[in-house]
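Here is the structure we will look at, set down as structure tokens.
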């Protein structure tokens, strides 16, 4: 599109996706973008930063902000995550509020709705996981939520199967103002490759350790070297306790090896090249409550 006549009907804008942890936000964005950019896990609160994901089509460009789930924070990292999500409500052209229809309505949803009522930004309600619930329950939810806030639209979806994805995009594009292309058309995220690589390693740790190592891990890619036939990546997995380090390494290094194998496959897809991935594990006690560590691992600019 560069160099060609600008399309007068080209629409562009910024859309934030909010919801309780585990509502399916990252799954939806990966579905809309048609590729895996965001880490997916069945554990809540896996997204920690506001990540810009970019969808460019003939009709326009949508810049999505995937925000951390809004929840009651228990530590400094949690505060950073929630502040980040709430701040995004004022910065965008449209809010997508995502609800897991299989979960009960509770204080978490009340808290989000309270915050949504305080901003003038138009909001679409997405009722997710409709492939898992009865139609009667869905109709009741639509009625109940309609009474709580004046939504621009209420769209039942399945982020997993992509059901109603086209309808959702139609409504989003209609709401976008006419505007420029903010990012090159082949770009799908504004995050550097190192960040995505670190996220892919973190996803595998979360997948393979289940509940034993919750969210007390960070991953930092320390170096990326391009060799003739492959790319050498060195990454550090940071945990808070010695016991967690033992779990991640596993018996005879077996689990760390498996984390490396799975992460390497995803990184090779990302980079389109053969990769040699070296993983190390380090204990940094209570890092989620320390400003310096949060800054070092890319989570905060506050002291």
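Here are some notes:
- Packing-based ranking of 245-256, 196-207 yields 196-207, 245-256, ordered from highest to lowest mean Cβ neighbour count within 10 Å.
- Sorted peptide list for 116-129, 97-110, 18-31, criterion being average Cβ within 10 angstrom, highest first: 18-31, 116-129, 97-110
Throughout, read-outs are computed from the coordinates displayed, never taken from laboratory work. None of these values were measured; they are calculated from a predicted model. Virtual Cβ from ideal backbone geometry, glycine too; neighbours counted across all protein chains shown.
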